[in-house]
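**Student:** Below you will find the structure I want to go over with you.
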Amino acid sequence: MNKKESNKAVLPSIPELLAPAGNFEKMVTAIHYGADAVYMGGKQFSLRAKAGNFSDEKMMEAVEYAHDLGVKVYITINILAHNRDFAGLDGYLFQLQKAGVDGLIISDPGILRRARKCVPEIPVHLSTQANVTNAQAAQFWFEQGISRLNLARELSLDEIMEVRGATSGELEIFVHGALCISYSGRCMLSNYMTGRDANQGACAHPCRYSYKLIEEKRPGEYFPVEEDERGTYIFNSKDLCLLDGLPELVASGANSLKIEGRMKSIFYVGGVTRIYRAALDYLRDLPADAWENPANIVLPSIFSEEIVKTGTRGISENFFRKAPGSSEMLYNAPRVQMKVEPVAVVRRAGLRPLVEARNVLETGDKVEYMLPGIKCDPCTVVRMETEKGEELTRANPGNRIVLHTEPALQRVSLNGILRRNIKG
Ligand code: SF4
């Protein structure tokens with residue numbers, strides 16, 4: 001055994017990278033950019049009711065596609081269920097068994113009970129909605145027959161490690177995505193204000209709205225709450241990003257790292273998955289002695305430069321190192337101004353790829369192709385043609401065009417994404 005091999009023998013295991021799949025295209029994109037597993041919802045019983053989600057037929061197709069590429073598929077059945085919600089549940093569970101899914105993401109003990117009775121061979125993952133915040137609760141849930149639990153987002157690294165030390169079941173940790181101001185998503189704000197229940201998958205995101213102040217004896221008089229001239233967004237939490245903590249999380253023995261965002265765009269899903277994949281691959285290649293103190297491992301700066309290009313509300317480590325304070329909120333806008341935007345998705349690879357435009361694209365535009373990994377290939381669009389060979393100087397969203405670039409893109413592959421800096 002050479003030195004490298006002997007070093008590799010003591011490296012920590014690299015956890016699974018679990019990405020959101022709000023629809024078939026998002027799943028394909030997540031897999032293209034390196035997800036080991038994806039999670040998705042069916043048409044019923046799943047939070048994120050507006051995510052599109054998968055019909056029974058589409059789910060069969062999705063599982064087949066993912067499995068052909070060695071990727072696992074987990075299905076969310078994570079509503080907080082009322083009695084009426086159980087109608088049709090058993091049939092749905094049998095349908096998922098037929099589709100060959102790899103896990104069920106559940107938060108309600110009643111749904112867990114039906115799943116254990118109907119399809120006991122399908123592993124159950126406890127959803128973050130179950131709010132597991134301590135080792136005793138983790139042990140309780142493992143005793144109920146679950147095989148994995150997603151810890152509450154309100155835990156510090158030390159608490160995660162304490163739970164790890166007390167249990168042997170699989171632990172899944174959210175590493176990236178939107179945060180709620182409420183406790184692990186248990187929030188009535190949307191239900192109260194819009195009638196849309198966040199715990200039934202229909203959140204209208206009122207925490208992102210702009211609010212004003214009213215004094216009780218002056219009805220109708222709205223006092224601005226101002227951070228700057230745009231007002232303030234008092235409930236608007238920044239997004240979770242644990243890229244900097246990734247070495248410590250890997251060393252902690254976490255089994256799966258989860259990206260939030262079934263309702264986000266393919267640009268977000270592909271962009272974030274790509275960066276975490278590249279970061280995990282970077283950590284996998286470190287020598288064993290680097291792991292003597294994981295807190296000293298620093299990812300190259302390109303990782304943080306790339307993550308802010310995926311579009312966020314600013315980033316926060318949430319509770320990972322200390323309790324969050326006022327700097328973890330984005331007070332002056334619903335989100336930060338994006339610097340980069342998607343322009344097209346590759347539909348046929350080649351030196352002159354066929355792409356589907358996602359934004360207006362013009363001859364002369366400077367774009368870059370997002371490679372799997374952390375790098376991008378820059379180029380200029382020098383000619384665009386329809387599939388029939390007619391020249392275009394401008395393509396609109398949805399148009400399929402053959403792209404000529406300078407230099408020619410050598411490493412384009414199906415389902416890859418082209419992006420550009422936003423002008424101005
Ligand atoms: S309103 Fe905001 S805090 Fe409440 S569940 Fe929806 S996203 Fe979370």
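The values are calculated or read from the model by the stated rules, or taken from the named source; none is laboratory data. Everything numeric here is computed off the predicted structure, so don't read it as measured data. Here the Cβ is made from the backbone with ideal geometry for all residues, glycine too, and neighbour counts use every protein chain on show. Note: accessible area is taken over every heavy atom of the protein model, side chains too, but ligands, DNA and RNA are not part of it. Shrake-Rupley method; radii C 1.70, N 1.55, O 1.52, S 1.80 Å.
**Student:** How would you classify the range 72-193 from its alpha-carbon gyration tensor, with a ≥ b ≥ c the square roots of the eigenvalues: rounded for a/c under 1.5, else prolate if a/b is greater than b/c, otherwise oblate?
**Tutor:** It comes out oblate by the Cα gyration axes.
**Student:** Could you grab the relative contact order for the chain? Cα pairs under 8 Å, six or more apart, rounded to a whole percent.
**Tutor:** 16 percent
**Student:** Under 29 Å Cα to Cα from LYS423, which lysines show up? Leave out anything in the same chain fewer than 8 places away.
**Tutor:** LYS26, LYS238, LYS264, LYS309, LYS339, LYS366, LYS375
**Student:** A follow-up question, please. Once you compute Rg and the Kirkwood Rh from C-alpha atoms, what is the Rg to Rh ratio for the range 267-424?
**Tutor:** For the range 267-424, the value is 1.06.
**Student:** With all distinct Cα pairs included, what does the Kirkwood hydrodynamic radius of the range 340-421 come out to in Å, to one decimal, could you say?
**Tutor:** For the range 340-421, the Kirkwood estimate is 12.1 Å.
**Student:** Here's another thing I want to ask about it. To the nearest 0.05, what FRET efficiency results for HIS67 and ASP285 with a Förster distance of 35 Å applied to their C-beta separation?
**Tutor:** The pair HIS67/ASP285 has a calculated efficiency of 0.80.
**Student:** Once neighbouring chains are kept in place and the probe is 1.4 Å, which whole percent of the accessible area of the range 340-421 is contributed by carbon and sulfur?
**Tutor:** 48 percent
**Student:** Need one number: % antiparallel among DSSP beta bridges in the chain, to the nearest 5.
**Tutor:** Approximately 55 percent, going by the DSSP bridge assignments.
**Student:** Between beta-carbons, use under 12 Å as the cut-off and find the net charge around ILE259, counting Lys and Arg +1, Asp and Glu -1.
**Tutor:** +1
**Student:** Within the range 221-322, list the trypsin sites (Lys or Arg not before Pro) lying in a DSSP loop whose Cβ has at most 16 other Cβ atoms in a 10 Å radius.
**Tutor:** ARG230, ARG321, LYS322
**Student:** Using a cut-off of 12 Å between beta-carbons, work out the net charge of the residues near THR128 (Lys and Arg +1, Asp and Glu -1, THR128 not included).
**Tutor:** Local charge sum for THR128: +1.
**Student:** Using DSSP to call loops (not H, G, I, E or B), can you name the GluC sites (Glu not before Pro) in the range 82-171 whose Cβ has at most 12 other Cβ atoms within 10 angstrom?
**Tutor:** GLU121
**Student:** Does the range 131-270 come out rounded, prolate or oblate by the C-alpha gyration tensor, with a ≥ b ≥ c the root eigenvalues, rounded set by a/c under 1.5 and, if not, prolate when a/b is larger than b/c and oblate if not?
**Tutor:** It is prolate, given that a/c is not under 1.5 and a/b is the larger ratio.
**Student:** So, one more: Provide the per-residue ³J(HN,Hα) series for the range 262-269, in order, calculated from phi with Karplus coefficients 6.51, -1.76, 1.60 and θ = phi - 60°, each as a whole number of Hz, with x at glycine and proline positions.
**Tutor:** 5, 9, 7, 6, 5, 5, 5, 4
**Student:** Another question, if that's okay. Let me have the relative contact order for the range 356-424, percent, based on Cα pairs under 8 Å that are six or more residues apart.
**Tutor:** Contact order relative to length: 39 percent.
**Student:** Can you give the accessible area per residue of the chain, in Å², using a 1.4 Å probe?
**Tutor:** The answer is 46 Å² per residue.
**Student:** For the chain, what does the alpha-carbon gyration tensor say about shape, rounded, prolate or oblate, given a ≥ b ≥ c as the root eigenvalues, a/c under 1.5 as rounded, and a/b over b/c as prolate?
**Tutor:** It comes out rounded by the Cα gyration axes.
**Student:** While we're looking at this one, here's another question. So which residue, out of GLY91, GLY22, GLY314, gets the largest mean-square fluctuation from a GNM of the chain using Cα contacts under 10 Å as springs?
**Tutor:** GLY91
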